[in-house]
Structure formats: C-alpha cells, structure tokens
1. Starting from residues that are acidic (Asp, Glu) and out of contact with any strand residue (DSSP E or B) (no Cβ under 7 Å at 6 or more places or on another chain), keep the ones in region 24-57 and report whichever is nearest to Leu75 (Cα to Cα).
2. Could you check region 41-58 and list, in sequence order, the residues that are of a type in the set (S, T, N, Q), more than 18 Å from Gln81 (Cβ to Cβ) and either surrounded by 13 or more Cβ atoms within 10 Å (Cβ to Cβ) or within 11 Å of the chain's Cα centre (by Cα) (or both)?
3. Go through region 28-56 and count every residue that is assigned to a loop (DSSP other than H, G, I, E, B) and either of a type in the set (Asp, Glu) or within 19 Å of Lys107 (Cα to Cα) (or both).
4. Tell me whether region 28-40 contains one or more residues that are surrounded by fewer than 19 Cβ atoms within 10 Å (Cβ to Cβ), touching a residue at least 12 places away in the same chain (Cβ under 8 Å) and among the hydroxyl-bearing types (Ser, Thr, Tyr).
5. Looking at Thr70 and the list (1) among the hydroxyl-bearing types (Ser, Thr, Tyr); (2) closer than 20 Å to Asn103 by Cα; (3) assigned to a strand (DSSP E or B), which single condition is not satisfied?
6. Being outside any strand (DSSP E or B), open to solvent by 30 Å² or more (accessible area, probe 1.4 Å) and modelled with pLDDT of 95 or more, is that true of even one residue in region 73-84?
7. Considering only region 14-23, how many residues are among the β-branched types (Val, Ile, Thr) and either in a loop (DSSP other than H, G, I, E, B) or farther than 18 Å from Leu75 by Cα (or both)?
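The values are calculated or read from the model by the stated rules, or taken from the named source; none is laboratory data. Predicted model, so just to flag it, every value in this text is computed and none were measured. A quick note on method: Cβ atoms are made from the backbone with ideal geometry, for glycine too, and the neighbour counts reach across all protein chains shown. Note: accessible area is taken over every heavy atom of the protein model, side chains too, but ligands, DNA and RNA are not part of it. Shrake-Rupley method; radii C 1.70, N 1.55, O 1.52, S 1.80 Å.
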Amino acid sequence: QYKITYSIWDDSNARTRDPQYVKIKGTKGETNENLCDENFDVTNQDVACVFISDVNIGDYECVSLRTSGTDGIDLIKVTVQINDTVVHTIVPESNQDFIGLDNRETKEFCREGN
C-alpha cells in the first residue's frame, strides 16, 4: 500500500481544485499513474492519497507528482509511505517557501543517491 501525504501551505493561493496524480518508481519498475481522488481545496492541512498496486517496484527510488490543470498547488512537505513505513520526505529547497506545481506540471523527486 502506498500513501503520499501532501502538506498544503498556509496561503489562500496554495490550494487547488484540479486533480492530482502520483506515480512511484523503484529499482524494478513503476506503478501506473494514480489519480488522488481527494479534496486539495484546503490550506494548512495534510491530504493523504492512498493506493494499491500489484506492480513490484523493487526498492523505492522516486515519486512523480502531476497536477492536471492550471490552478496550481503549493506544498510545504510531501511524505511517501510504503506499507506504513516512511521511505521519503520531500521539503522545499532551502531558499523556497514551498514546492509549487502549476500549469499541468509534473515533478519527480528522488531520494539522494538515486
């Protein structure tokens, strides 16, 4: 079971109504892109996206996040869990307040060393 927790920034422009998608990559393969059918139209809250895949990805390497519209989302943290174990925590670069996804953008985040 995969759980990706989106921590949405405390700003009125941080939320979105656009669908969000996630894909997990590993040493042996990757999951299909999964729709996170949750409410991202909130601020200063965590939103969890949970899905199951029968693909054996091997050891976790990366998560790919995609927004499908032009109403961006701003995140202060993204946490990836596999079977209730945290495997990756993503935070903004040191000179940024948030991680932004906008205009049908896809961003991939890999653990150091991958």
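1. Let us first name the residues in region 24-57 that are acidic (Asp, Glu), namely 30, 33, 37-38, 41, 46, 54.
Remaining after also requiring out of contact with any strand residue (DSSP E or B) (no Cβ under 7 Å at 6 or more places or on another chain): 37, 41, 54.
On the way: Asp37: 17, Asp41: 12, Asp54: 28 Å.
Per the stated criteria, the residue is Asp41.
2. Across region 41-58, the qualifying residue is only Thr43.
3. 9
4. Scanning region 28-40, I find no residue that is surrounded by fewer than 19 Cβ atoms within 10 Å (Cβ to Cβ), touching a residue at least 12 places away in the same chain (Cβ under 8 Å) and among the hydroxyl-bearing types (Ser, Thr, Tyr), so the answer is no.
5. (3)
6. Yes, that holds for at least one residue.
7. Taking region 14-23 first, the residues among the β-branched types (Val, Ile, Thr) are 16, 22.
Cutting the leftovers down to either in a loop (DSSP other than H, G, I, E, B) or farther than 18 Å from Leu75 by Cα (or both) gives us 16.
The total comes to 1.
Okay, residues lined up against (1) over 15 Å from Cys36 (Cα atoms); (2) surrounded by 15 or more Cβ atoms within 10 Å (Cβ to Cβ); (3) in contact (Cβ under 8 Å) with a residue 24 or more places away in the chain:
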residue	(1), (2), (3)
Ser64	no, yes, yes
Thr67	no, yes, yes
Glu93	yes, no, no
Thr106	no, no, yes
Glu112	yes, no, no
